[in-house]
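To start, the structure itself, in structure tokens.
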Amino acid sequence: MNKPIIEARNVSFQYEGAQSPAVNDVSLSVAQGEFVAVLGRNGSGKSTFAKLLNALQLPTSGELIVNGIKAVTEDDCYEVRKSCGMVFQNPDNQIVTTIVEEDCAFGLENLGTPPEEIRRRVDEALESVGMSDYALASPSMLSGGQKQRIAVAGVLAMRPKIIVFDESTAMLDPIGRRDVFGIARRLNLEERITVVWITHFMEEAALADRVVVMDGGKIALEGTPREVFSRTEQVLELGLDVPEMMKLSRQLRDKGLSLPEGLMTVEEMAVELCRLK
Ligand SMILES: Nc1ncnc2c1ncn2[C@@H]1O[C@H](COP(=O)(O)OP(=O)(O)OP(=O)(O)O)[C@@H](O)[C@H]1O
Ligand SMILES: [Mg+2]
């Protein structure tokens, strides 16, 4: 396994005035270049954990090291945010200017990056998310999926080592959803960007390297998608579901078709069905 880029040791976080911690004694190590999906019912602590990774909040107790930095001072937080970008659920909340390329340049301008370096990085980032043709467009004219791609480009321009996506496909139509997920997966595989992918879509989690399920602020279940989703009863108890193809393959097996266990994606199902004849 590659060396960890995220190391959480017994991390807890409690909001002021709250009765119990939103993140409760979480220990998790994420290797550089890993794509980890984080699942869990509403209120299980996923977004709070994301904010800890991004040093938007600091742990109440425990130790969290992101890209070798344990955030204590304001300067540390700033360094953590540079190495760990965030893409949120609602693209409208992330877009701050009226021209796409200016929006992507916003973070770099704040860092005082020289203009020619900004130009290069923004062009590269827009190219990487397939939005070069829209550099001079107004974000308000774009679809939800396109806006989300711009948000990803803005983060990419900062050259982060990690990107946390907090339900970034939740408000998109199926095409936008597939686009944005596909971009995250490609950035992970080709650029070796570590991805923490928070989602309510089991089909997305099925395509991750590893799945972490949170419940009541704790990690309730963890493993490869196959390992996690094979524990159907436990997954259902945690307020989740298993991927549709897993259910379908079980139903087909019950009807006598000889399909292997653990089929999770449409592609895997198609291959197995063609093999049956
Ligand atoms: N700003 C806040 N102040 C106080 N409590 C909060 C705050 N934000 C979240 N919480 C509480 O912390 C717990 C975890 O919330 P969090 O938003 O991290 O969950 P989540 O898993 O992201 O949920 P969802 O799937 O709905 O996005 C919940 O009990 C929530 O009510
Ligand atoms: Mg959330």
ask   = residue 262: in a loop (DSSP other than H, G, I, E, B), in contact with an Asp or Glu (Cβ under 9 Å, 6 or more places away or on another chain), in contact (Cβ under 8 Å) with a residue 60 or more places away in the chain and not hydrophobic (A, V, I, L, M, F, W, C), yes or no?
value = no
request  = Can you give me the number of residues within the stretch 224-267 that are out of contact with any strand residue (DSSP E or B) (no Cβ under 9 Å at 6 or more places or on another chain), buried (at least 18 other Cβ atoms within 10 Å of the Cβ) and closer than 15 Å to residue 204 by Cα?
outcome  = 6
inquiry  = Going through 171, 245 one at a time, which residue ends up being in a helix (DSSP H, G or I), at pLDDT below 95 and either more than 16 Å from ligand 1 (Cβ to nearest atom) or among the aliphatic types (A, V, I, L, M) (or both)?
reply    = 245
ask   = From the set of residues in the stretch 102-132 that are part of a loop (DSSP other than H, G, I, E, B) and among the hydrophobic types (A, V, I, L, M, F, W, C), which is nearest to the chain's Cα centre (by Cα)?
value = 129
task = Identify, by number, the condition in (1) closer than 21 Å to residue 168 by Cβ; (2) modelled with pLDDT under 95; (3) among the hydrophobic types (A, V, I, L, M, F, W, C) that residue 100 doesn't meet.
result = (2)
message = within 17 Å of the chain's Cα centre (by Cα), under 20 Å from residue 172 (Cβ atoms) and more than 16 Å from ligand 1 (Cβ to nearest atom): is that true of residue 150 in this structure?
response = yes
task = Considering only the stretch 218-242, state which residues are assigned to a helix (DSSP H, G or I) and among the hydrophobic types (A, V, I, L, M, F, W, C).
result = 228, 229, 235, 236
ask   = Does at least one position in the stretch 107-119 carry a residue that is touching a residue at least 60 places away in the same chain (Cβ under 8 Å) and under 17 Å from residue 54 (Cα atoms)?
value = no
task = Kindly check whether there is at least one residue in the stretch 144-155 that is more than 16 Å from residue 92 (Cα to Cα) and crowded, with 24+ Cβ neighbours inside 10 Å.
result = no
request  = Would you mind stating whether residue 54 is within 16 Å of ligand 1 (Cβ to nearest atom) and at pLDDT below 95?
outcome  = no
ask   = Looking at this structure, is residue 30 modelled with pLDDT under 95 and away from ligand 1 (no atom under 15 Å from the Cβ)?
value = no
key: Checklist (1) within 12 Å of ligand 1 (Cβ to nearest atom); (2) on the phi > 0 side of the Ramachandran plot; (3) not aliphatic (A, V, I, L, M) applied to residue 62, failing item   = (1)
inquiry  = Looking only at the stretch 171-208, how many residues end up being surrounded by fewer than 16 Cβ atoms within 10 Å (Cβ to Cβ) and among the acidic types (Asp, Glu)?
reply    = 3
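The values are calculated or read from the model by the stated rules, or taken from the named source; none is laboratory data. Quick caveat, the model's predicted, so the values are computed rather than measured. No Cβ is skipped: glycine too gets one built from the backbone with ideal geometry, and neighbour counts run over all protein chains shown.
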